[in-house]
């Protein structure tokens with residue numbers, strides 16, 4: 001069993017993002033404002049099943065003054 005833990009922060013220099021999308025004949029434009037600083041944490045439990053097959057359980061979190069996100073997922077990797 002192996003583990004991986006990451007902690008850190010992201011500093012956004014440009015906090016305003018201009019977006020454009022087109023859906024057929026419909027055009028949409030918007031502006032998104034991000035927080036200047038976002039904190040993050042990632043954790044993984046990695047289980048090598050054999051030399052070629054690896055399974056891992058992963059968790060990610062991001063936090064800022066405006067929003068928080070949580071993501072958990074299982075990953076299966078085959079190395080050849």
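Remarks
- Inverse of mean 1/r across different Cα pairs in the stretch 2-78, Kirkwood, Å: 15.5
- Nearest-0.05 FRET efficiency for residue 65 and residue 3, computed from C-beta distance (R0 25 Å): 0.25
- As a length-normalised measure over Cα pairs under 8 Å and 6 or more apart, the relative contact order of the chain settles at 27 percent.
- Label-point separation, residue 37 to residue 77 (7 Å along Cα→Cβ), nm: 3.2
- Packing-based order for 48-56, 69-77, 19-27, using average beta carbon neighbours within 10 Å, highest first: 48-56, 69-77, 19-27
Coordinate-derived values only; no laboratory data. Computed from a predicted structure; not experimentally measured. Note: ideal-geometry Cβ built from the backbone for every residue, glycine included; neighbour counts use all protein chains shown.
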